[in-house]
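So the structure is just underneath, and the comments pick up after that.
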Amino acid sequence: DLSYADLPYADLYEAGLYEADLYEADLYEADLSGADLSGADLSYADLSGAWLSGADLSGADLTGAYLRGADLTGADLTDAIGLD
């Protein structure tokens, strides 16, 4: 359970965070390139400026997530929730 975690600038390159609870986590400018975030709860998380290139976000809940300036190049967003 990493809900409300304070992880700005964290190096989580290729981290295995499958179905992790990251509700309202602060991941400002974190490196999540290539990370497995499939099925993760990232609702209301601060992902501004985060590197998510090549990350697996399939089935992730991104409801209310703050993604301004995030790099989503090549990220898998299949069935991701909250990207209206």
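Phi angles across the range 59-76 convert, under the Karplus curve 6.51 cos²θ - 1.76 cosθ + 1.60 with θ = phi - 60°, into 3J(HN,Hα) values of x, 6, 9, 10, 4, x, 5, 9, 10, 4, x, 6, 9, 10, 4, x, 6, 8 Hz, Gly and Pro given as x. Rolling a 1.4 angstrom probe over the protein heavy atoms with all chains in place gives the chain an accessible area of 52 Å² per residue. Protein heavy-atom surface of the chain, 1.4 angstrom probe: 46% of the accessible area is carbon and sulfur, with nucleic acids and ligands not counted. Once C-alpha pairs closer than 8 Å and six or more residues apart are averaged by separation and normalised to the residue number of the chain, the relative contact order reads 24 percent.
Just report the Cα centroid separation between the range 1-62 and the range 66-84, whole Å. The range 1-62 and the range 66-84 have Cα centres separated by 11 Å. If you take all other residues with their beta carbon under 11 Å from the beta carbon of residue 61, and give Lys and Arg +1 and Asp and Glu -1, the sum is -4.
Determine the shape class of the range 28-79: with a ≥ b ≥ c the square roots of the Cα gyration tensor eigenvalues, call it rounded for a/c under 1.5, and otherwise prolate if a/b is greater than b/c, oblate otherwise.
oblate
The values are calculated or read from the model by the stated rules, or taken from the named source; none is laboratory data. The structure displayed is predicted, hence computed values, not measured ones. Backbone-built Cβ (ideal geometry, glycine too); neighbour counts: all protein chains shown. The area values use the complete protein model at the heavy-atom level, side chains included, leaving out ligands, DNA and RNA. Shrake-Rupley method; radii C 1.70, N 1.55, O 1.52, S 1.80 Å.
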